[in-house]
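Worksheet: one structure, shown below.
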Amino acid sequence: MTPLLEVENLEVAFDTRAGTVQALRGVSLTVARGETLGLVGESGSGKSVTAQAIMGLIDIPGRIAGGQVRWQGHPLVGAGAPRAPRGVWGKDISMVFQNPMTSLNPLMTIGDQIAEGITLHLGLPRAAALDRAAELLAAVGISGARRRLAQFPHELSGGMRQRVMIAMAVACEPKLVIADEPTTALDVTIQAQILELMAELQDRLGLSIILITHDLGIVAGLCHRVAVMYAGQIVEVAPVEEIFAAPAHPYTQGLIRSTPQLEAGEERLVAIDGMPPGLLHPPEGCAFRARCPIAGPDCAKMPPLRAWGAGQVACWKAGTPAWGAA
Ligand SMILES: Nc1ncnc2c1ncn2[C@@H]1O[C@H](COP(=O)(O)OP(=O)(O)OP(=O)(O)O)[C@@H](O)[C@H]1O
Ligand SMILES: [Mg+2]
């Protein structure tokens, strides 16, 4: 069966004064119906740019420099894509951003903001759209939903604003929701509630989700598969159990080793030494080479993403413990 979403060899570049930033350097991934894919990696690895590219939001000075995104088999971004694909962005695919305060309109009531999309995409008149908005607020666990419709974003707590964002994201019955760090601005208890809510909506609505996060603990709880990004590329993809039980790429191994919730016991947590390479002049060969304890001469050549277990990995030495006895 055709995956819901296919990203193939996607390249995104930003033309800046200093030169061309190669933000995405051949990203390939798929999302199946009903699947949650976790997208992880250090700051600057290209997670948000991947999300923006899928949503058609790459704008000057950025451009799609190669590859394609397909939605249900049809070109959506890149070669052969229509300029304004009807009913995909905002309807079939919606997005939850990291900071609800910057993505909600401070001058519009919650009700009007939710109703706007419903009217636009589902064609419901305002009164019916407001009824649906109230239902949605109740569904995302906001009490007194009717009364909330008349409130403005600043009258809600951070956790409630993020619930409103999720209500907006699912308002038009999307097939895919892309959530970019949906809980990083929230405290831990509220985080857990929001993630539970997303899991529940996914179950109920049969959604697919791309969940972008720094937090491998969140991935372990919520995702079916995980894609690990490094320097604008996918370096490993695998089912969630596999990635934690037997991470194949040294970078994945390092990430897991430096995640507190996962490494119980006396072992010391160790961050990966060094910094990701700059993307103005990305290195030749494996981008992780300079930080990798087991890099060898082969690593001067770019390792292709190849089949590995139930997933894929881009490393010549995949499966070798990189940081001593695991
Ligand atoms: N408008 C832009 N102009 C120039 N470079 C950009 C622009 N947007 C993103 N980039 C570059 O693209 C690369 C990927 O950025 P991106 O925001 O996708 O990282 P990220 O993985 O989401 O990081 P974080 O975890 O910090 O959110 C970075 O090197 C960034 O500097
Ligand atoms: Mg980001």
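The values are calculated or read from the model by the stated rules, or taken from the named source; none is laboratory data. Just so you know, these numbers come straight off a predicted model, no measurement behind them. Glycine also receives a Cβ, built like all others from the backbone with ideal geometry; neighbour counts cover every protein chain displayed. All accessible areas refer to the heavy atoms of the entire protein, side chains included, with ligands and DNA or RNA removed. Shrake-Rupley method; radii C 1.70, N 1.55, O 1.52, S 1.80 Å.
Tabulated data for the structure shown
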{"item": "Charged-residue dipole, Cβ positions (Lys, Arg, Asp, Glu), the chain about Cα centre, Debye nearest 20", "result": "640"}
{"item": "Residues of the chain: accessible area per residue with a 1.4 Å probe, Å²", "result": "46"}
{"item": "Rounded to 10°, Cα long-axis angle of helix 110-122 versus longest principal axis of the chain", "result": "80"}
{"item": "Proximal charge balance of Leu39 [Cβ under 14 Å; K/R count +1, D/E count -1]", "result": "-4"}
{"item": "Carbon + sulfur, % of accessible area of the chain - ligands and nucleic acids excluded, 1.4 Å", "result": "55"}
{"item": "Solvent accessible area, Å² - Asp112, 1.4 Å probe, full protein context", "result": "50"}
{"item": "Folded to 0 to 90 degrees: helix 188-205 orientation relative to the chain principal axis, Cα", "result": "80"}
{"item": "For region 1-61: rounded, prolate or oblate by the Cα gyration tensor [a/c cutoff 1.5]", "result": "prolate"}
{"item": "Three semi-axes of the equivalent ellipsoid, the chain, Cα gyration tensor, whole Å, largest first", "result": "36, 23, 17"}
{"item": "Rounded Å value of the spacing that divides the Cα centres of region 282-297 and region 49-78", "result": "28"}
{"item": "Integer Hz, Karplus 6.51/-1.76/1.60 couplings in order for region 81-93, x for Gly and Pro", "result": "7, x, 5, 10, x, 6, x, 9, 6, x, 10, 6, 10"}
{"item": "Estimated dipole of region 1-121 in Debye, rounded to 20 [Cβ of Lys and Arg +1, of Asp and Glu -1, Cα centre]", "result": "180"}
{"item": "Residue with peak Gaussian network fluctuation, the chain [Cα springs, cutoff 10 Å], from Leu255, Leu120, Leu176", "result": "Leu120"}
{"item": "Rounded accessible area of Thr109 (nearest 10 Å², 1.4 Å probe)", "result": "30"}
{"item": "Region 215-256: C-alpha gyration tensor shape, a/c 1.5 cut-off, then a/b vs b/c", "result": "prolate"}
{"item": "Estimated [θ] at 222 nm from DSSP helical runs (n ≥ 4, -39500 (n - 2.57)) normalised by residues in the chain, nearest 500", "result": "-8500 deg cm²/dmol"}
{"item": "Whether region 1-106 is rounded, prolate or oblate, judged on the alpha carbon gyration tensor where a/c under 1.5 counts as rounded", "result": "rounded"}
{"item": "Gaussian network model of the chain, springs between alpha carbon atoms under 10 Å - residue of Gln193, Gln113, Gln162 with greatest fluctuation", "result": "Gln193"}
{"item": "Solvent-accessible surface (1.4 angstrom probe) belonging to Thr259, in square angstrom, nearest 10", "result": "10"}
{"item": "Rounded to 10°, Cα long-axis angle of helix 126-139 versus longest principal axis of the chain", "result": "50"}
